[in-house]
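The structure under discussion appears below in the form of structure tokens.
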Amino acid sequence: MASNRTSRGTVLVVDDEQGVRALARRILEGGGYQVIEAGHGGEAVEIITGSAHIDFLIADLDMPVMRGEEMAVKIRTLRPDMRVLYVTAHSEQLFKERPELLDGEAFLDKPFTVRGLLEAVSLLKTGFIKAPPAPPPAGFARLWRTLTGAKPR
Amino acid sequence: MNIDPVKVHHLKNQLAIILGFSELLLEELAADDAHRPDVLQIHQAAKSALAELPALPAHEFSSPRPRSAEATDGQ
């Protein structure tokens, strides 16, 4: 975990796949975030109810025992302000069950790119993509316009 | 292709790991590093394998509901 330096926030990464957690950690720590990992929903709820301060939750949707969405609902009853990024290889499944996400929730398709994950977390945190203010990649265009009211350059 | 969805999910996870770590390596290796072409081969092979799987997800981040965040285009 990154420590003793200015942090952009602490992210709890919940995924039953160790390699995906390790990848998210590498990317997020490189982006200045501190990272805590949980291998399943129960562990994540324990961490949230414990003393750890968590700013954001990155949740895999498809986990055994407790699905990511169920876990997020439990966590948001404890921390209504918790911002949640759902990471899923099956986004259609998420929207089939919930056509609209709540405020403070977003999703990222898996596999994600390094830039994609950092921008998703930045958007969730601040509502805008931190510098460099370059045109967003094609997949971001719709959200970019929604957030900024401007056309991508 | 008719593959068990659970296996597809597992394969996507494994390919996500290969793609992600190879992308990190490509970002970190110097342009003239001797290992760069090898890592690029790994990355491209994983991309190709991913394309063979059914219901390939788009690499995009979006919200299903417009947000009214007071946003700017950076700072």
Amide H within-cut-off set for A:R8, under 5 Å, with H built and near neighbours excluded: A:Y33, A:Q34
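Set the Förster distance to 35 Å, then compute FRET efficiency between A:E70 and A:R26 from the Cβ-Cβ distance, nearest 0.05.
Efficiency at R0 = 35 Å is approximately 0.80.
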Tell me, what ³J(HN,Hα) does each residue in region A:66-74 have, in order and in whole Hz, if you take phi through Karplus 6.51 cos²θ - 1.76 cosθ + 1.60 with θ = phi - 60° and put x for Gly and Pro? 10, 5, x, 5, 4, 4, 5, 4, 4
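What FRET efficiency, computed as 1/(1 + (r/R0)^6) with R0 = 22 Å and r the Cβ-Cβ distance, is obtained for A:E100 and A:R79, rounded to the nearest 0.05? Present the calculation step by step, with values, prior to reporting the outcome.
Numbers: r = 21 Å, r/R0 = 0.94.
Efficiency computed from Cβ-Cβ geometry: 0.60.
Would you mind checking the pairs A:K96/A:K125; A:K74/B:K12; A:K125/B:K47; B:K12/B:K47; A:K125/B:K7; A:K110/B:K47 and listing those with alpha carbons more than 22 angstrom apart? Please report the intermediate quantities before stating the final value.
Working: A:K96/A:K125 26 Å; A:K74/B:K12 27 Å; A:K125/B:K47 30 Å; B:K12/B:K47 10 Å; A:K125/B:K7 34 Å; A:K110/B:K47 13 Å.
Distance filter (> 22 Å) returns A:K96/A:K125; A:K74/B:K12; A:K125/B:K47; A:K125/B:K7.
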Spacing of the two label points (7 Å from each Cα toward its C-beta) at B:A51 and A:H53, in nm: 4.7 nm
Taking placed amide H atoms and a strict 5 Å upper bound, the residues 5 or more places from A:R83 or on another chain that come that close are A:L57
Output ordering of A:111-118, A:59-66, B:42-49 (per-residue mean of other Cβ within 10 Å, highest first) is A:111-118, A:59-66, B:42-49
Taking a crude spin-label model, label points 7 Å out from Cα along the C-beta direction, the B:L29 to A:E43 distance in nm is 3.1 nm
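Each reported figure results from applying straightforward, stated rules to the coordinates on display, with no laboratory input. None of the values given here were measured: they were computed from a predicted structure. So basically every Cβ, Gly included, is an ideal-geometry build from the backbone, and we count neighbours across all protein chains shown.
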